[in-house]
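Report on the following structure.
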Amino acid sequence: MTASLVVLASGHGSNLQAVLDACGDGRIAAKVHAVVSDRADAYALERAETAGATALRMAKRADETRAGYDARLAEAVATFAPDWVVLAGWLRLLSMSFLREFPGRVINLHPALPGEFVGLHAIEQAWRSGHDRTGVTVHLVPDEGVDDGPVLGTVIVPIHARESLDALTARVHAAEHQLLVETLIHLCQPRNPRDPLDRTTQPQSSTDREHRHD
């Protein structure tokens, strides 16, 4: 059985493209039915249209509360009956008005290891930190915690001496693509209907594995 995915993306959509490609070639047993963006000019929407997925432009209205927007967003996403809602470069913090509609079904990709460099500009934070490594995390989003939740997978990305921010960014993005696809391969693999997926206790994948970019 093919899983249904809805991807939320605010920007260029390179992680979305990795998912679209992996669904298209059969590595992920799923189909991206819709891509939603809060930015009308997000290139992710063009990627969705090219792949034949529904592209939804859903900006927050000037008179709309955060909870009101999230409830409207949830209603739109629910029409596609997603097995998984994937936050791939989604730059808005979702409230419980959205999350309670998809318990255990929302996953987020964050370009840092668990508990490190939360929020925006995580790659730059790591680059300026003096650390010798950073990483990528895929985790469930059970509540309004920022880049926090049960971990589904991590990958370590070393920070090389005298490396430019652009070079580190490129290697982190490559690691993001790989880890997100690997995680979705696991989450969407066919299962016996008598053995339902426990969405709250997924085993980690790619944990503490160094990603090398050739």
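General observations
- Inter-label distance for LYS60 and VAL118, nm, one decimal - labels placed 7 Å from Cα along Cα-to-Cβ: 1.9 nm
- Among beta bridges from DSSP that stay inside the chain, the antiparallel ones total about 35%.
- Here the Gaussian network model covers the chain, with springs between Cα atoms less than 10 Å apart; of HIS131, HIS33, HIS139, HIS131 fluctuates the most.
- Cubic angstrom per residue, convex hull over Cα atoms of the chain: 124 Å³
- The chain, relative contact order [Cα under 8 Å, separation at least 6], %: 20 percent
- Farthest toward the positive end of the dipole of the stretch 3-210, out of VAL77, SER97, VAL155, is the Cα of VAL77, where the dipole comes from beta carbon charges about the Cα centre.
- The angle separating the long axis of helix 66-78 from the principal Cα axis of greatest extent in the chain is about 70 degrees.
- With at most 13 other Cβ atoms within 10 Å, longest stretch of the chain clear of loop GluC sites (Glu not before Pro) (DSSP): 65-143
- For the chain, the longest principal axis of the C-alpha atoms and the axis of helix 14-24 are separated by about 60°.
- Here the spin labels are modelled as points 7 Å beyond Cα on the Cα-Cβ line, and at ALA81 and ASP41 they lie 3.8 nm apart.
- Rounded FRET efficiency, nearest 0.05, which uses the C-beta distance separating LEU91 from ASP132 and R0 of 30 Å: 0.60
- Applying a DSSP loop filter and a limit of 13 other Cβ atoms within 10 Å to the trypsin sites (Lys or Arg not before Pro) in the stretch 68-150 leaves ARG100.
A short reminder: the numbers here are calculations on the coordinates, not readings from a lab. Since this is a predicted model, take the numbers as computed values, not measurements. Counting neighbours? That spans all protein chains shown, and the Cβs are built from the backbone with ideal geometry, glycine included.
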